[in-house]
Amino acid sequence: MAEATQPTFGEKALRFFFGLAEPATLPAGVSVMNPFVRPEVQPLIRQFYEKFFSDHQKRVFLLGINPGRFGGGATGIAFTDPHALRTYCGIPNNMPPTSELSSRFVYRFIEAFGGAELFYRHFYIGAVYPLALIKDGKNYNYYDQTGLFDLLKPAIVQSLSQQIAFGANQGVAICLGQKNASFLEKINRERQFFGRIIPLDHPRFIMQYKTRFADSYTAQYVKVLEEALAGRE
C-alpha cells in the first residue's frame with residue numbers, strides 16, 4: 001500500500017523534464033533546444049512515460065551525450081525521432097518527419113532485443129547532459145569546446161543525480177560513445193553513481209562510419225543489454 005502512494009518512475013521523470021532549467025550562460029554561438037517547454041510536445045512526452053514507465057521497477061541506464069536536434073531535441077525522448085515515436089513506440093504525432101541517424105540504430109537494437117515494450121520495462125535511455133546543444137545550426141556535444149564541460153558540470157552532476165532517483169539500478173550503466181564514457185567515468189569516480197560503466201560505440205558513429213557492420217554492432221548491443229540484466233542487483 002505504501003509503495004502505491006509513491007510516484008512512479010515515469011512520474012518522477014516527467015517532473016524532472018518539465019522542470020529542467022536552461023543554463024544561464026553559454027559560450028558565444030552555443031544555444032540549447034528545450035522541447036520540454038513546448039506545449040505541442042509535452043503531451044507526447046507524457047504519453048511515452050505513462051505508457052512505458054508507470055511502475056516502480058528499477059532500470060539499467062543507457063546514457064548518451066546530449067540530445068540531438070532531430071531526436072530527443074525535437075521529441076523530448078532520448079534517441080527517439082518522430083518516426084520512431086510513431087512506428088516503434090506506438091505514439092501518433094504530427095511532428096515534421098525528421099530522421100536522426102542515432103535513432104535509427106537505437107530502435108534497430110531495441111527491436112532486436114524484443115521491442116519497445118520489453119526494452120523500456122528494463123532499461124531507461126537518458127543523457128549525461130539532458131538538453132540539446134546547438135552551434136552553427138548543428139548538434140554540439142557538451143565536451144566539444146574547452147571549458148564547456150566545466151561550465152556545465154554542476155548541472156550535469158545534478159541532472160544525473162535526479163535521473164538516478166527515478167529508479168536506477170546503480171550496479172551498472174551503459175554509456176553510448178567512447179569519449180562520452182571518459183567524461184562519465186571522471187564524474188563517476190568523484191560521485192560513485194554507478195558500480196561500473198560499460199562503454200559502447202555511439203549510435204551515430206556506427207551509422208555514419210560503420211554502417212556495413214551495423215548487424216554486428218546490433219548483436220553486440222543486445223549481448224551487453226542481456227548481460228547487464230543478468231548481472232544486475
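The values are calculated or read from the model by the stated rules, or taken from the named source; none is laboratory data. Because the structure is a prediction, the values reported are computed rather than measured. FYI the Cβ positions are ideal-geometry reconstructions off the backbone, even for glycines, and counts take in every protein chain you see.
Tell me which residues, restricted to region 100-128, are assigned to a helix (DSSP H, G or I) and of a type in the set (Val, Ile, Thr). So that I can check it myself, show each step before the final result.
Narrowing region 100-128 to residues assigned to a helix (DSSP H, G or I): 101-113, 116-122.
Listed by number, the residues that qualify are 106, 110.
Quick check on region 59-73: of everything there that is surrounded by fewer than 24 Cβ atoms within 10 Å (Cβ to Cβ) and in contact with a Pro (Cβ under 9 Å, 6 or more places away or on another chain), which residue is farthest from residue 170 (Cα to Cα)? Going through the qualifying residues, I end up with 70. Residues that are buried (at least 19 other Cβ atoms within 10 Å of the Cβ) and either of a type in the set (Gly, Ala, Ser) or under 19 Å from residue 13 (Cα atoms) (or both) within region 142-163 comprise 156, 159, 160, 163, listed in sequence order.
Can you name the residue in region 104-118 that is touching a helix residue (DSSP H, G or I) at 6+ places or on another chain (Cβ under 8 Å) and free of Cβ contacts under 8 Å to residues at least 60 places away in the same chain and is also surrounded by the most Cβ atoms within 10 Å (Cβ to Cβ) among such residues? If we take residues in region 104-118 being touching a helix residue (DSSP H, G or I) at 6+ places or on another chain (Cβ under 8 Å) and free of Cβ contacts under 8 Å to residues at least 60 places away in the same chain, then 110 is surrounded by the most Cβ atoms within 10 Å (Cβ to Cβ).
Tell me which residues, restricted to region 130-171, are of a type in the set (Phe, Trp, Tyr) and either within 26 Å of residue 49 (Cα to Cα) or touching a strand residue (DSSP E or B) at 6+ places or on another chain (Cβ under 9 Å) (or both). Steps first, answer last, please.
Taking region 130-171 as the starting set, the residues that turn out to be of a type in the set (Phe, Trp, Tyr) are 140, 142-143, 149, 166.
Across region 130-171, the qualifying residues are 140, 142, 166.
Among the residues of region 209-233, those that are under 20 Å from residue 103 (Cβ atoms) and free of Cβ contacts under 8 Å to residues at least 24 places away in the same chain comprise 209, 210, 211, 212, 213, 215, 216, 220.
Scanning region 68-99 for residues that are modelled with pLDDT under 95, assigned to a loop (DSSP other than H, G, I, E, B) and either under 19 Å from residue 141 (Cβ atoms) or hydroxyl-bearing (Ser, Thr, Tyr) (or both) yields 68, 69, 70, 71, 98, 99. For region 177-207, the tally of residues that are touching a strand residue (DSSP E or B) at 6+ places or on another chain (Cβ under 6 Å) and loosely packed, with under 14 Cβ neighbours inside 10 Å stands at 2.
Residues that are surrounded by 24 or more Cβ atoms within 10 Å (Cβ to Cβ) and closer than 29 Å to residue 149 by Cα within region 83-103 comprise 100, 102, 103, listed in sequence order. Annotation: residue 3 fulfils all but one of (1) surrounded by 13 or more Cβ atoms within 10 Å (Cβ to Cβ); (2) at pLDDT below 95; (3) not in a loop (DSSP other than H, G, I, E, B); the unmet one is (1).
Quick check: anything in region 40-58 aliphatic (A, V, I, L, M), surrounded by 14 or more Cβ atoms within 10 Å (Cβ to Cβ), in contact (Cβ under 8 Å) with a residue 12 or more places away in the chain and closer than 25 Å to residue 181 by Cα? Among the residues of region 40-58, not one is aliphatic (A, V, I, L, M), surrounded by 14 or more Cβ atoms within 10 Å (Cβ to Cβ), in contact (Cβ under 8 Å) with a residue 12 or more places away in the chain and closer than 25 Å to residue 181 by Cα, which makes the answer no.
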